[in-house]
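These notes concern the structure reproduced below.
The values are calculated or read from the model by the stated rules, or taken from the named source; none is laboratory data. Everything numeric here is computed off the predicted structure, so don't read it as measured data. Neighbour counts run over all protein chains shown; Cβ positions are idealised from the backbone, glycine included.
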Amino acid sequence: MLPISAQSSMNKRIEILDMLRGVCVVLMVIYHGLYVSSQYFTFGSEFAAKWFGFLEPMQVIVASMFIMISGFSAQLSAKPKLRAWLLVCVAAIISGVTILILPRIDIPRTEIWFGILHLLACGKLVYAYGKALFEKLSGFVGLPLCLFLFFYTAPVGQRFFSILGMFRVNLPAWLYERNWLFFLGIKGPGFVSWDWFPLLPWVFLFFFGVFTGKMVKRDQLPRFCYKKRPLLGFIGRSSLVIYITHVPLLYGLFTLVGMIAK
């Protein structure tokens, strides 16, 4: 999420990371714009709802790409601890605003208890303070291990762990009677989070990106990976600011359009 000084062994910025992050941000803004329009405004709501439903399956793909890129970039960060704690603070502020303030000004159903920023903050913290362990573990072991754990823990919302029907472990029903483990993907009745990316299974996708970065950062990447893409690159480097501001700006824009259209 944060702009990363991603450097190759030749001290060149890996521009393709910024470009891919920029693509994800653009798609995220479009997706959220359609959602805000369809849920909170009557102007263009039918059109927005139609396209939101069409694009909804892409959310998982875009989010997965963004999480892996963030893990890859964490591997290349010069100050992983500082960036991790910065993201923790930003995520905490977002939760405070969406949970405590927005409902009081008649903007309901926008609470973010554990969104993608919270996930990335936790992933970056684990990596920053466990960097020595990540360095010791071979990418040839880490990559398949993370992929296995991602798919194995993916059914946590269905109260079990399993992969392809094998190694099934049923989780106790009492875990799902309350919402105190929501950050692990274990939620109780009535839990709602506008943006929700719990640690299970998503943190393993982040670590998959870390090990991917470990595997390739020491080698010379293809030349096109260092080619500048000014617009998408800028958007990618500004992803944190855009993430924080885009929903309020969209809400304000649609409010203005609605007033003009009356």
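Within segment 31-51, restricting attention to residues that are in contact with a Leu (Cβ under 7 Å, 6 or more places away or on another chain) and over 20 Å from residue 111 (Cα atoms), the residue that is surrounded by the fewest Cβ atoms within 10 Å (Cβ to Cβ) is 51.
Name the single residue, out of those in segment 12-29 being β-branched (Val, Ile, Thr) and in a helix (DSSP H, G or I), that is nearest to the chain's Cα centre (by Cα).
First pass over segment 12-29, keeping only residues β-branched (Val, Ile, Thr): 14, 16, 23, 25-26, 29.
Among the residues that remain, those that are also in a helix (DSSP H, G or I) are: 16, 23, 25-26, 29.
On the way: 16: 18, 23: 14, 25: 10, 26: 14, 29: 13 Å.
Looking at residues that are β-branched (Val, Ile, Thr) and in a helix (DSSP H, G or I), I get 25.
For segment 149-165, which positions are surrounded by 15 or more Cβ atoms within 10 Å (Cβ to Cβ), in contact (Cβ under 8 Å) with a residue 12 or more places away in the chain and outside any helix (DSSP H, G or I)? Across segment 149-165, the qualifying residue is only 163.
With respect to residue 78, determine if the residue is modelled with pLDDT under 95 and in the same structural domain as residue 121 (by TED's automatic domain parsing). Before the answer, list the steps.
On the way: modelled with pLDDT under 95: yes; in the same structural domain as residue 121 (by TED's automatic domain parsing): yes.
Answer is yes for this residue.
Output the number of residues of segment 217-240 satisfying the condition of being assigned to a helix (DSSP H, G or I) and either closer than 12 Å to residue 22 by Cα or in contact (Cβ under 8 Å) with a residue 40 or more places away in the chain (or both). Going through segment 217-240 one residue at a time, the tally reaches 13. Evaluated against (1) modelled with pLDDT under 95; (2) surrounded by 12 or more Cβ atoms within 10 Å (Cβ to Cβ); (3) in a helix (DSSP H, G or I), residue 101 falls short on exactly one condition, (2).
Taking the numbered list (1) under 17 Å from the mean Cα position of the chain (by Cα); (2) of a type in the set (Gly, Ala, Ser); (3) at pLDDT below 95 in turn, residue 48 passes all entries but (1).
Is it the case, given these coordinates, that residue 221 is at pLDDT 95 or above and either surrounded by fewer than 16 Cβ atoms within 10 Å (Cβ to Cβ) or within 18 Å of residue 91 (Cβ to Cβ) (or both)? So residue 221 fails the test. Look through segment 117-148, keep the residues that are modelled with pLDDT under 95 and not in a helix (DSSP H, G or I), and return whichever of them is nearest to residue 174 (Cα to Cα). Only one residue tops the list, namely 137. Of all residues in segment 75-83, one or more are buried (at least 16 other Cβ atoms within 10 Å of the Cβ), under 16 Å from the mean Cα position of the chain (by Cα) and under 21 Å from residue 243 (Cβ atoms). Just so you know, in segment 85-98 the residues that are touching a residue at least 24 places away in the same chain (Cβ under 8 Å) and more than 22 Å from residue 22 (Cβ to Cβ) include one that is surrounded by the fewest Cβ atoms within 10 Å (Cβ to Cβ), and it is 85.
The residue that is surrounded by the most Cβ atoms within 10 Å (Cβ to Cβ), counting only those in segment 169-216 that are outside any helix (DSSP H, G or I) and of a type in the set (A, V, I, L, M), is 186.
Can you tell me which residue is farthest from residue 183 (Cα to Cα) among those in segment 83-98 that are in contact with a Phe, Trp or Tyr (Cβ under 8 Å, 6 or more places away or on another chain) and at pLDDT 95 or above? Ranking the qualifying residues of segment 83-98, first place goes to 84.
Give segment 55-74 a look and list any residue that's surrounded by 14 or more Cβ atoms within 10 Å (Cβ to Cβ), among the β-branched types (Val, Ile, Thr) and under 19 Å from residue 198 (Cβ atoms), or say none. Even if it seems obvious, please write down each step before you answer.
If we filter segment 55-74 for residues that are surrounded by 14 or more Cβ atoms within 10 Å (Cβ to Cβ), which is where we start, we get 55, 59, 62-74.
Add one more test, that the residue is among the β-branched types (Val, Ile, Thr), and what stays is 62, 67, 69.
62, 67 - these are the residues of segment 55-74 that are surrounded by 14 or more Cβ atoms within 10 Å (Cβ to Cβ), among the β-branched types (Val, Ile, Thr) and under 19 Å from residue 198 (Cβ atoms).
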